[in-house]
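**Q** Dropping the structure in here first, questions after.
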Amino acid sequence: MFLQVEYAPMNRDGWSGMATESRRRSVRRPTDREYGDLLAFRTALRRFEQWSQEQARAAGLTPAQHQLLLAVRGHDDSRGPTIGEIADYLVSQHHSVVGLVDRAAMAGLVVRVRDSADGRLVRVKLTRQGKARIDRLSTVHLHELQNLAPVLDQLALDVSADANPGLATDAGKRRG
C-alpha cells in the first residue's frame, strides 16, 4: 500500500531544510525488515552519540563544547566560522551559540577574531588548548567510526536491497 507523504528535498549539505519547498509524493509503506533496519540505525546513532558525550566529558568538555570545537576545526575557511555558521552546524539558535562561545572562550578553548575583510563579522578560532582537545577527541571518534562502519554498511545494503528488489541477489552475494 502507498502513502502520501510530504518531504523537504535535501539541500547541498545533504540535510532537509525548513526553508525548502516541500513536495508531495507517493511512497510505499515500510516492510517489517525496513522497520528493523530503521531501529538498528537509530540505535547505532544513539549509542554513538552517548559514547561521544561520554568521551567529551572524560576530556573535560561538555558535549556542546566538543561540538563547537569540531565545528570550528572542521570549517573550511581558515579565518574560522562565524557564529551564524556555527549555529547552522550545531542546528542551534544564534543566541544559544553566542552563550556557548562565551563559555568556551572563558575556558580558554576559543577566541573571537574580528573579520579583516568585513569588520561587522566576528569569527571563532581555536586556541592551542582547544585544538589539542579536539585533536585528541577526533582521533578516538574516527577509530570508533571505523568500528561502526561495518554495521552502517550492512544497513545500507539491506535498505538498498529492499528498495531495489532486482539488486537483492547481488546484495546477498556481497553479504555472504
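The values are calculated or read from the model by the stated rules, or taken from the named source; none is laboratory data. From a predicted model like this one, the values you see are computed outputs, not experimental measurements. Neighbour counts are summed over all protein chains in view; Cβ atoms, including those assigned to glycine, are modelled from backbone coordinates with ideal geometry.
**Q** Only one of (1) closer than 15 Å to Gln65 by Cβ; (2) in a strand (DSSP E or B); (3) not aliphatic (A, V, I, L, M) fails for Ser92. Which number is that?
**A** Result: Ser92 fails condition (2) only.
**Q** Still on this model: Could you tell me whether any residue of the range 130-142 is among the β-branched types (Val, Ile, Thr) and not in a helix (DSSP H, G or I)? Full working, then the answer.
**A** The initial filter retains those residues of the range 130-142 that are among the β-branched types (Val, Ile, Thr), namely 134, 139-140.
With not in a helix (DSSP H, G or I) added as a condition, the list becomes none.
No, that holds for no residue.
**Q** Would you check which residues across the range 25-56 are over 18 Å from the mean Cα position of the chain (by Cα) and loosely packed, with under 12 Cβ neighbours inside 10 Å and list them?
**A** Listed by number, the residues that qualify are Arg25, Ser26, Val27, Arg28, Arg29, Thr31, Asp32, Tyr35, Leu39.
**Q** Show the residue pairs meeting these rules: Cβ distance below 6 Å; 6+ apart or different chains; first residue within the range 72-91 and closer than 19 Å to Ser138 by Cα; second residue surrounded by fewer than 18 Cβ atoms within 10 Å (Cβ to Cβ).
**A** Gly80/Lys125
**Q** Please give the number of the condition Gln50 fails out of (1) farther than 30 Å from Ser116 by Cα; (2) touching an Asp or Glu at 6+ places or on another chain (Cβ under 9 Å); (3) modelled with pLDDT of 95 or more; (4) not basic (Lys, Arg).
**A** Of (1) farther than 30 Å from Ser116 by Cα; (2) touching an Asp or Glu at 6+ places or on another chain (Cβ under 9 Å); (3) modelled with pLDDT of 95 or more; (4) not basic (Lys, Arg), only one is false for Gln50: (2).
**Q** Oh, and also: Kindly list, by first and then second residue, each pair from a residue in the range 108-132 that is in contact (Cβ under 8 Å) with a residue 40 or more places away in the chain to a residue that is assigned to a helix (DSSP H, G or I) and crowded, with 16+ Cβ neighbours inside 10 Å, limited to pairs with Cβ atoms under 6 Å and residues at least 6 apart or on different chains.
**A** The qualifying pairs are Leu109/Gly130; Val110/Ala104; Val110/Gly130; Val124/Val72; Val124/Val101; Leu126/Val72; Gly130/Leu69.
**Q** Further, regarding this structure: Considering (1) surrounded by 12 or more Cβ atoms within 10 Å (Cβ to Cβ); (2) out of contact with any strand residue (DSSP E or B) (no Cβ under 7 Å at 6 or more places or on another chain); (3) not in a helix (DSSP H, G or I), say which one Asp76 fails and leave the rest.
**A** (1)
**Q** To continue, here is another question. Looking at Leu61, Leu45, which one is part of a helix (DSSP H, G or I) and of a type in the set (A, V, I, L, M)?
**A** On the way: Leu61 fails: part of a helix (DSSP H, G or I).
Criteria check complete, one pass: Leu45.
Yes/no per residue for (1) within 18 Å of the chain's Cα centre (by Cα); (2) surrounded by 15 or more Cβ atoms within 10 Å (Cβ to Cβ); (3) at pLDDT 95 or above:
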| position | (1), (2), (3) |
| --- | --- |
| Gly84 | yes, no, yes |
| Asp88 | yes, yes, yes |
| Val110 | no, yes, yes |
| Asp115 | no, no, no |
| Arg120 | no, no, no |
| Lys125 | no, yes, yes |
| Thr139 | yes, no, yes |
| Asn147 | yes, no, no |
| Pro150 | no, no, no |
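**Q** Please state which of the following conditions Gln154 fails to meet, knowing it meets all the rest: (1) without any contact (Cβ under 8 Å) to a residue 40 or more places away in the chain; (2) surrounded by fewer than 15 Cβ atoms within 10 Å (Cβ to Cβ).
**A** Only one criterion is unmet by Gln154, namely (2).
**Q** In addition: Return only the number of the condition from (1) modelled with pLDDT under 95; (2) within 25 Å of Val151 (Cα to Cα); (3) hydrophobic (A, V, I, L, M, F, W, C) that Ala19 does not satisfy.
**A** (2)
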